[in-house]
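Take a look at the structure below.
Throughout, read-outs are computed from the coordinates displayed, never taken from laboratory work. Computed from a predicted structure; not experimentally measured. A quick note on method: Cβ atoms are made from the backbone with ideal geometry, for glycine too, and the neighbour counts reach across all protein chains shown.
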């Protein structure tokens, strides 16, 4: 109790309370700008923390992190331009909702889901840090591999009427994900003397090209709407009934986020896709997924934001940064002479509890600042396409360049735009491509690492209960989806499990 | 042959050819594998080959499915309030191609002229192309947006946006 009171007095200062809000605000704005990534935002904020007290500085970075995770959903929903791979999952249903004139509803649901998931994730960090850290450590490459295989079964669900087209689309995504230097041998793959491809194709230019550009090019096939015609309405915000309807998916997504966030190296994208997949599988309206279903938006955002607090678990409990952002935060700890890990819990309990208090407060800030951001950004949805699309294009160019400071990424974005437009015209679903492209490197790396660890013995993929559980889930999932497709083919009717995408 | 069938045949043929090209040309020339690899599955070309074969099989199956079986009736497209504004297929395709060409020409100018000036030139062209006719809107947005984005990235984010010969 003494420790908590001391922590409270350490935390309760004007600077701490202000700095979290400023962090969340900066993060939200950065997340909403295509090309400005959350790690970039956290890295930019890092120098400002040098002169601050340790708790204040780290809370600023955490605020930017949390705001950035949420901010990506704004541009994803409003202009189909995901700022992060995880936000790409939000596009699948968020943008169709905005197109239907329900932008506010989609944005509200994204915000509420993000806040709830963030809060749950923070609770998990505070209550189960030790347990989750131990569980996360039991995840080796074979467990990762089976988890990703299970996540990939969602491809069958988002392929739309033709599973084969979905598989082809996924193969294209997987193939493009192999571009770059081979991780084990360091030999080139599909570089063709283009050294800028050595690090592989960057996620953001590919995602921007695949989502935003086809929409702009497709617009060229239409006549201009008469002056004065509004692009669409903002619609009403989400109702309590909407929130109740998505609550199960939000809780489920938050749990996925917490578990996957606690595992170093996983990140928000697999959590968002897994959460989306499970929401679709368990939904009463799976046929609406991909066409503007609020449950899809909620699940994606819950999965994405559920990782926020949980990624701090391996960092604080074990001193292991799970991703780039937590690596920057680790840097902030070290700049202030602190080394995260079990010793930090023993020697700096007061500071840890003060941080927990700030983290909890950040969820509230997220709600307030998110509401303000929605009010400000949602007007984008009413800008006529003839003005909005040129603006979005220039924004995409600046954004694609800013990720790696290279004009090559602008070319990549344009090429992916043409690929995306061809896919649109040929009705090849984009969602499987996206999922495979994001998860592909994880799948291959963990597969090959497992083979290395097992010295070629493939039984390593069934080495323990975690791998066996994931294989069972994968088989069950495939069985249900294939049965639904066979039934649909026999009856000549579309199954609810085959019509998404 | 219905439009839908033709489209699926085209997809199958296109991806079948791509998969064959990958297996016969792109992987052998583009993926450098060491002369000795302990496990075949560890070879850098293992994964690309698996993907290419899967694509080939899926494309073949799609072709068989499309040509052999009667297609399920797909659900109608989502009601789009702007459908009535569609150009004819040929005009639409030509406009899309024209836009793609313009965007690529723009991207090729970036190395020499930077991002800001080509964007100031491109913006009014695309706005006119998309049907905006208000000269004030076109003028102000074309000038302010690239400069504002330059200012933001340069000064707030610390990212140096290239100015090319104007820098």
**Q.** Inter-site label distance for residue B:4 and residue A:336 at 7 Å from Cα along Cβ, in nm
**A.** 6.1 nm
Q. For A:470, B:129, what's the fewest-to-most ordering of other Cβ within 10 Å of each Cβ?
A. B:129, A:470
**Q.** Other protein chain Cβ atoms within 10 Å, averaged over every residue that makes up A:425-435
**A.** 2
Q) Does chain B come out rounded, prolate or oblate by the C-alpha gyration tensor, with a ≥ b ≥ c the root eigenvalues, rounded set by a/c under 1.5 and, if not, prolate when a/b is larger than b/c and oblate if not? A) oblate
Q | Distance between the stretch A:93-122 and the stretch A:318-352 - C-alpha centres, whole angstrom | A | 32 Å
**Q.** Relative contact order computed over the stretch A:263-302 (Cα-Cα under 8 Å; 6+ residues apart), in percent
**A.** 51 percent
Q.
Per-residue Cβ counts within 10 Å, from other chains only, averaged over A:387-396: what number is that?
A. 6
**Q.** For the stretch A:156-228 and the stretch A:31-55, distance of Cα centres in Å
**A.** 29 Å
Q. How high is the relative contact order of chain A, in percent, counting Cα pairs under 8 Å that sit 6 or more residues apart?
A. 29 percent
Q. Which shape class, rounded, prolate or oblate, goes with the stretch A:307-456 when its Cα gyration tensor gives a ≥ b ≥ c as root eigenvalues, a/c under 1.5 marks rounded, and past that a/b bigger than b/c marks prolate?
A. oblate
Q: Just report the Cα centroid separation between the stretch A:355-376 and the stretch A:442-457, whole Å.
A: 41 Å
**Q.** Helix axis angle, B:89-113 relative to chain B longest principal axis, alpha carbon, degrees
**A.** 70 degrees
Q. In deg cm²/dmol and to the nearest 500, what is the mean residue ellipticity at 222 nm of the protein assembly as shown if only DSSP H runs of at least 4 residues count, each as -39500 (n - 2.57), divided by the residue total?
A. -23000 deg cm²/dmol
Q) What order, most packed first, do the peptides A:196-203, A:114-121, B:36-43, A:19-26 have when packing is the mean number of other Cβ atoms within 10 Å of each residue? A) A:114-121, A:19-26, A:196-203, B:36-43
Q: Compute the distance in nm between two label points, each set 7 Å from the Cα along the Cα-to-Cβ direction, one at residue B:93 and one at residue A:422.
A: 1.4 nm
Q. Going by alpha carbons, how many degrees (0 to 90, nearest 10) lie between the helix axis of B:46-68 and the longest principal axis of chain B?
A. 80 degrees
Q: Please work out how much length the chain gains when fully extended from residue A:50 to residue A:137, using 0.36 nm per residue of separation minus the C-alpha to C-alpha distance, in nm with one decimal.
A: 28.1 nm
**Q.** Relative packing of A:88-95, A:244-251, B:14-21, A:392-399, which averages over residues the other C-beta atoms within 10 Å, highest first
**A.** A:88-95, A:392-399, A:244-251, B:14-21
(Q) On C-alpha positions alone, give me the angle between the axis of helix B:135-151 and the longest principal axis of chain B, in degrees, nearest 10. (A) 70 degrees
Q | residue A:247 paired with residue B:109, simple spin-label distance in nm, labels 7 Å along Cα-to-beta-carbon | A | 5.6 nm
Q. For chain B, what is the relative contact order in percent, using Cα pairs closer than 8 Å and at least 6 residues apart in sequence?
A. 19 percent
Q. What number, in nm² with one decimal, is the all-direction average of the projected area of the convex hull of the alpha-carbon atoms of the stretch B:32-72?
A. 3.8 nm²
